[in-house]
Amino acid sequence: MRVEDFRGEAARVIARHAELESDAVERMLTVPPKPDMGDFAFPCFTLAKKLRKAPPAIAKEIAEKAAGDLELLRGAQALGGYVNLSVDRTRYAEAVLREAVSAGEAYGCSRDGAGHTIAIDYSSPNIAKPFHVGHLRSTIIGGALVRIFEALGYKVVGINHVGDWGTQFGRQIVGLKRFGRPEDADDLMSLNRLYVKFHEEADGAPELVEEAREWFRRQEAGDEVALALWRRIRDTSLDYFKRIYERLGVRFDSYTGESFFNDKMDAVIEEAHAKGLATVSEGALIIDLSAEGIDTPALLEKADGTTLYLTRDVAAARYRHDTYGCDRIVYVVASGQSLHFRQLFTVLKLLGHPWAKDCVHVNFGLVQGMSTRKGNVIYLEELLDEARERALAYMRGEIEKRLVLEDEETVAEAVGIAAIFFADLSKQRIKDYRFDWDLAISFDGDTGPYLMSAHARIAGILRNCGLDPDPDADVAPLVEPEAHRLVSLVARYPDVLREAGRLYEPSVLANYLLELARGLHASYAVLRVKGEDAGKAQARLLLFTAVKQVLHSGLTILGIQSLERM
RNA sequence: GCGCCCGUAGUGAAAAGGACAUCACGAGGGUCUCCGGAACCCUAAGUCCAGGUUCGAUUCCUGGCGGGCGCACCA
């Protein structure tokens, strides 16, 4: 008896009595809006036309026939134009919990993506400058997608297409040469100071800007002095970025940034010529995309012969496809870049790459209001520090029955990051949103800390109930509606991950976890463990173990720590 | 100006074209000697407007209105 057998039986029984194909019925099955209405619902509206009967009458007929034909299901009832079917709750709990607990950490994971590789390009900051909060959203969403697809069995290549080439490095070099000491190149804070200094000075001194351009020209021309300086600045910056990624719990398989593709662009240009796509317009080399429904042409080369963002992305896409053999390339980049990616994918198609159709722009809206007390636009580190402070203040000030912890600072750091991550991941990525500290950090409401607390609360039960959990416990005592609700939620988890992956939408998972946590809290007063007889206590422990496992798994995928105590 | 995207209670979010539009925060009222009160229960409040397709529209189409973003030598 497996979890999907219940749905399978529902489909079979309905199919038999409605004279339809089982597969078709299975696709039509939905879930009733309220748990007491049943576990599966079959809408009879489409049958109405064919049978020339009213949907409620059809439902009644099917329900009556089906009622005597059930094995794993308990009831078939007509309601409105629906046939509602209920599972045998004990057998369902048995199937769900046994499967969840025996799979352990792997519960919810599937092999759907076995044999497929996905490259996910995310975060991709400009590293001459400090990590700006503007890049945070891509980092958060991209990181979650990496873990979602891994859970679905895909091989995932996380790529950070770092902006490590461009005029900004020329500016950085001038700042260093004019206002700093050579050793400042090894310290990011000094570099930042000098970068700012450059901009202050350059305001009234255009020759500085020209000097910066000259340094970048030397870089592009392969001048060893310029390249050595660039390399040193780049390494200092990358080290700093990697430290921040560690703090955020984000890992990349590749840091092939823009500079990596410098020697791979000529091939793109040549091929565009060979395919007869490239034309010269206003001195620049372009591909006209108007026949493809895009008014703005794709620029391959500026009038001065240097290449552009788009050319580099074409080279990068080809490199990724060839190197990783990936059958999908996902770009987690803000919606503002939509035109760019339409152009990119169209150019790839015109260049004759059939896999262009497997490139996806996973876009997302703008975040407003992400600033610290100091105000202004801010850098990520300051934001994370403030998150930790606010989390600590909240824990000390608002929580009545909090545990005494030695590692309060560590917990606060995790809570702060959870608050920021979840505020982002709980919303549909396409939408703009306003970040609000109080809303994000509260332990009440739809927040990361709320989910963490649900997890810690179960951990508390397991810790304090005075029992050794029995993984083979009999589930028969789980008769309460609250228990059934939790079982159903646990059962849904694998499909939730699939849906999140299908839509590239971590919020599907985030909202599911909220539902699970609420279900847990709603059951908490009813499903006591301590002081109950051994049978009930063990059954409930089994249920809570499964819920805790799913919370842990889901939170980990979202990039949020699930602590035992907080 | 043109193009793309977004409009759901005061606020933040959910609803493959399906049942009475769901949930949270905030507001108002209540519960419980609570294994972690970081809880639970109740109440008030909503689909931007006008048409259309459909047995059925928050969802799809058309046109408005409001907001965001983008529109060749930056990335």
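Hey, fewest Cβ within 10 Å first, where do A:Trp355, A:Trp437, A:Trp230 land in order?
Fewest-to-most Cβ neighbours within 10 Å comes out as A:Trp355, A:Trp437, A:Trp230.
List, largest first, the extents of the alpha carbons of region A:1-89 along their principal axes, each in whole Å.
Cα extents, longest axis first: 38, 26, 22 Å.
At a Cα cut-off below 28 Å, give the lysines reachable from A:Lys65, other chains included and same-chain residues fewer than 8 away excluded.
By straight Cα distance, A:Lys65 reaches A:Lys34, A:Lys49, A:Lys50, A:Lys53.
Just to be sure I understand the model, the point goes 7 Å from the Cα along the line to the Cβ. What's the resulting A:Glu292 to A:Arg16 distance in nm?
Distance between the two pseudo-spin positions: 5.4 nm.
Quick one: if you take sqrt(5λ) for each eigenvalue of the C-alpha gyration tensor of region A:432-482, what semi-axes come out, biggest first, whole angstrom? Spell out each step's value before the answer.
On the way: eigenvalues 232, 42, 14 Å².
In descending order the semi-axes read 34, 14, 8 Å.
At what distance in angstrom do the alpha carbon centres of region A:6-78 and region A:208-257 lie from each other?
The two parts, judged by their Cα centres, are 62 Å apart.
With the cut-off at 1.5 for a/c, could you classify region A:394-529 from its C-alpha gyration tensor as rounded, prolate or oblate?
Verdict is oblate for region A:394-529.
Suppose a student asked you for the relative contact order of chain A, using Cα pairs under 8 Å spaced at least 6 residues apart; what percent would you report?
14
So if we plug the beta-carbon distance of A:Ala393 and A:Glu564 into 1/(1 + (r/R0)^6) with R0 = 22 Å, what FRET efficiency do we get, rounded to 0.05?
0.45
From zero outward in steps of 10 Å, how is the percent of C-alpha pairs of region A:500-548 spread across the bins?
24, 38, 23, 12, 2
Is any helix in chain A, taking whole DSSP H runs, at least 20 angstrom long along its axis by alpha carbon and on average at least 1.0 on the Kyte-Doolittle scale, and which ones?
The qualifying helices are A:136-151, A:408-425.
Kindly provide the pair-distance distribution of region A:287-368 built from C-alpha pairs, with 10 Å bins from 0 and whole-percent values in order of increasing distance.
Reading upward from the zero bin: 16, 49, 30, 5, 0.
If one puts a single equal scatterer on every Cα of chain A and applies the Debye formula without solvent, what log₁₀ I(q)/I(0) results at q = 0.10, 0.12, 0.13 Å⁻¹?
Log-scaled intensity ratios, in q order: -0.97, -1.21, -1.31.
For region A:399-469, what is the convex hull volume of the alpha-carbon atoms per residue, in Å³?
Dividing the Cα hull volume of region A:399-469 by its residues yields 113 Å³.
How many angstrom separate the Cα center of region A:538-566 from the Cα center of region A:416-485?
8
How would you rank A:Leu543, A:Leu227, going from fewest to most other Cβ atoms within 10 Å of each one's own Cβ?
Fewest-to-most ranking of A:Leu543, A:Leu227: A:Leu227, A:Leu543.
With the alpha-carbon atoms as the only input, what is the per residue convex hull volume for region A:74-139 in Å³?
Normalising the Cα hull of region A:74-139 by residue number yields 239 Å³.
Which net charge results for the neighbourhood of A:Asp470, defined as the other residues with beta-carbon distances under 15 angstrom from its beta-carbon, given Lys and Arg at +1 and Asp and Glu at -1? Could you put the intermediate results ahead of the total?
Numbers: positive: A:Arg98, A:Lys536, A:Arg540; negative: A:Glu94, A:Asp468, A:Asp472, A:Asp474, A:Glu532, A:Asp533.
Every neighbour counted, the sum reads -3.
Using the number of other C-beta atoms within 10 angstrom as an exposure proxy, rank A:Ile244, A:Ile399, A:Ile159 with the fewest first.
A:Ile399, A:Ile244, A:Ile159
Find the relative contact order for region A:16-124 and round it to a whole percent, using C-alpha pairs within less than 8 Å whose residues are 6+ positions apart.
20
Can you tell me, using C-alpha contacts under 8 Å and at least 6 residues apart, the relative contact order of region A:321-422 as a whole percent?
23
Quick check: net charge around A:Ser86, other residues with Cβ under 10 Å of its Cβ, Lys/Arg +1 and Asp/Glu -1?
Summing Lys/Arg as +1 and Asp/Glu as -1 gives -1.
Given the -39500 (n - 2.57) contribution per DSSP H run of 4+ residues, what per-residue ellipticity at 222 nm results for chain A, rounded to the nearest 500 deg cm²/dmol?
One gets -18000 deg cm²/dmol as the mean residue ellipticity at 222 nm.
To two decimal places, what compactness ratio does region A:314-458 give when its Cα radius of gyration is scaled by 2.2 N^0.38 Å?
1.40
Using alpha carbons only, what's the Rg to Rh ratio of region A:341-421 with Rh from Kirkwood?
On the Cα set of region A:341-421, Rg over Rh gives 1.31.
5 Å is the cut-off here: which amide hydrogens, built 1.01 Å from N in the peptide plane, fall below it relative to A:Ile120, excluding neighbours closer than 5 in sequence?
A:Val157, A:Gly158, A:Ile159, A:Val330
Mind checking the alpha-carbon convex hull of region A:132-215 and giving the volume per residue in Å³?
Enclosed volume per residue, from the Cα hull, is 116 Å³.
Find out how many positive minus negative residues lie around A:Gly559, taking Lys and Arg as positive, Asp and Glu as negative, among other residues whose Cβ is under 12 Å from that of A:Gly559. Provide the component values of the computation, followed by the final result.
Numbers: positive: A:Arg147, A:Arg247, A:Arg251; negative: A:Asp424.
So the environment of A:Gly559 carries a net charge of +2.
For region A:38-154, report the translational diffusion coefficient in µm²/s to the nearest whole number, using Stokes-Einstein at 20 °C, 1.002 mPa s, and a Kirkwood Rh over Cα pairs.
Rounded to a whole number, D works out at 114 µm²/s.
With a/c under 1.5 counting as rounded, go ahead and sort region A:325-365 into rounded, prolate or oblate using the C-alpha gyration tensor (a ≥ b ≥ c being the square roots of the eigenvalues; past the cut-off, prolate if a/b is larger than b/c, else oblate).
oblate
Under a 5 Å amide H to amide H cut-off, with H placed in plane at 1.01 Å, what residues pair with A:Asp39 once short-range neighbours are removed?
So A:Asp39 has HN proximity to A:Leu85, A:Ser86, A:Val87.
So if I take the centroid of the Cα atoms in region A:309-334 and the same for region A:144-175, what is the distance between those two points in Å?
12
Bear in mind that the values in this text are calculations on the coordinates, not laboratory data. In this text the structure is predicted, and so the values were computed from the model without any measurement. All Cβ positions, glycine included, derive from the backbone under ideal geometry; neighbour counts span all protein chains shown.
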